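None of the figures in this text is laboratory data; all of them are computed from the coordinates on show. What you are looking at is a predicted structure, and each value in this text was computed from that prediction instead of being measured. All Cβ positions, even for glycine, are placed from backbone atoms using ideal geometry, and neighbour counts span all protein chains on display.
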Amino acid sequence: MSAHDRIRAIARLTQDRGLSREAAEVIALALIPLDVGPGPEGVPVSLRFPRRITKRTRRFRKSAQAVARDVLIDLARETIEDYLDLAVTFGEEYYIDKFEAATAGPAPWVAGSIGAMPDAAPESVR
């Protein structure tokens, strides 16, 4: 599968399932993690890496069918974190960068609560 397949999956998830663009991107990456296409970019260095990613992708697809829609995004994020661990294990620099970018920063529901936190420590702590 390729990045083009991932783009089509994002479109289907947003149009058919009514998911937000951000949620659809995370889920699509969990479904289609490898960039297979012309050119050297995205070609795994290790032969075992694609097999391990494929095995983890199958587990995500099976689990995704059994979870509620609101839990699906969390499951996809956990899966991408597993992909990142595999990329580190196999020394796949391209995929380390790709999966780190996908998991960077707090989740949207965490970011909203961070703004509500006070900036200063309470007087009793100072």
By the mean-Cβ-within-10 Å protection proxy, highest first, 79-86, 59-66, 20-27 rank as 79-86, 20-27, 59-66
Under the Karplus relation with 6.51, -1.76 and 1.60 and θ = phi - 60°, whole-Hz ³J(HN,Hα) for segment 90-104, x at Gly and Pro, equal 9, x, 8, 4, 4, 6, 4, 4, 4, 6, 5, 5, 6, 9, 5
Within the under-12-Å Cβ sphere about Glu100, not counting Glu100, Lys/Arg +1 and Asp/Glu -1 give a net charge of -4
